[in-house]
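What follows is a single structure, written as structure tokens, with notes after it.
The values are calculated or read from the model by the stated rules, or taken from the named source; none is laboratory data. Everything numeric in this text was worked out from a predicted model, so none of it was measured. Here the Cβ is made from the backbone with ideal geometry for all residues, glycine too, and neighbour counts use every protein chain on show. Only protein heavy atoms, including side chains, enter the accessible area calculation; ligands, DNA and RNA are left aside. Shrake-Rupley method; radii C 1.70, N 1.55, O 1.52, S 1.80 Å.
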Amino acid sequence: LDAVSDAALQQLSGLDRDPVAITTGFLALWSDLLERAQLTTGCAVVAVSVAATGDLLDHAGDVFRHWTALLADLLCEAGLPEETAIDFATLLISTAEGAVIMSRAERTPEPFSRIAAVLVAQAERHGEAIGSKRKVSESGG
């Protein structure tokens, strides 16, 4: 679990600190996986979470917490307030994971494509809010 997780998340560290770039970068990891595997694979951490107990289940939980913390940190660096960043990181992960499962089961990328559009739109709203706050603080108001 760790090797797959670390390799995927390492790609995110090079993204621009912008909510849309972070969101599209994270979603690209999953859409690329679905495309390369022709919808035949999903997330190993989800598989372990569903099937395992004990220490392995605990480790899967640690992986999800790590992902959430990393995404939240990137979103904070982009200008989101901490609580908003944690909430949006959790939304990104849980929604993408569910859409990967649905896309695999339905044998179509459509569920993933739909949530990707919704999440990017939400990231755009976060970016606009950050831009508005920066303009107000720069104008002294």
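Counted by Cβ distance under 15 Å from Met102, the other residues give a net charge of 0, where Lys and Arg count +1 and Asp and Glu count -1. Sorting His126, His66 by accessible area puts them as His66, His126; the probe is 1.4 Å, largest comes first, and only protein heavy atoms count.
Global dimensions of region 62-139 from alpha-carbon coordinates: Rg and Dmax equal 14.7, 51 Å.
Amide H to amide H, with H built 1.01 Å from N, Ala78 comes under 5 Å of no residue 5 or more places away or on another chain.
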